[in-house]
1. Please count how many residues of region 4-22 are in contact (Cβ under 8 Å) with a residue 40 or more places away in the chain and surrounded by fewer than 12 Cβ atoms within 10 Å (Cβ to Cβ).
2. Which residues, counting only those in region 15-35, are among the acidic types (Asp, Glu), within 15 Å of the chain's Cα centre (by Cα) and more than 9 Å from residue 63 (Cβ to Cβ)?
3. Got at least one residue in region 52-64 being surrounded by fewer than 18 Cβ atoms within 10 Å (Cβ to Cβ) and modelled with pLDDT under 85?
Amino acid sequence: MNTPCEELVRKILNDPLASREIKIQRLRHLEEDARALQRAASESAMNSDDGWQAELRLVRLALEQLGARRIRKGAASL
């Protein structure tokens, strides 16, 4: 069974009407959301292993597939 994030990433990658740049932009938004959720989980009583890392990895793999450059963040960010 696919997660909603997997379905969304697949939909973005397979969109025949979206250019590579648009796909990357959409995936960057997902990456930001996944990183924010992962950060919230690490800073609260939420279960730290509830899938946020997997979603972030999935989005980053899709970005690599499109040849997008990896945006490096500082040490304080995830």
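1. Qualifying residue count, region 4-22: 1.
2. 32, 33 - these are the residues of region 15-35 that are among the acidic types (Asp, Glu), within 15 Å of the chain's Cα centre (by Cα) and more than 9 Å from residue 63 (Cβ to Cβ).
3. yes
Residue-wise test of (1) at pLDDT 95 or above; (2) part of a loop (DSSP other than H, G, I, E, B); (3) not β-branched (Val, Ile, Thr).
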| position | (1), (2), (3) |
| --- | --- |
| 11 | yes, no, yes |
| 18 | yes, yes, yes |
| 27 | yes, no, yes |
| 39 | no, no, yes |
| 45 | no, yes, yes |
| 50 | no, yes, yes |
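The values are calculated or read from the model by the stated rules, or taken from the named source; none is laboratory data. Because the structure is predicted, anything quoted here is derived from the model rather than measured. Every residue, glycine among them, receives a Cβ derived from its backbone with ideal geometry; neighbour counts consider all protein chains shown.
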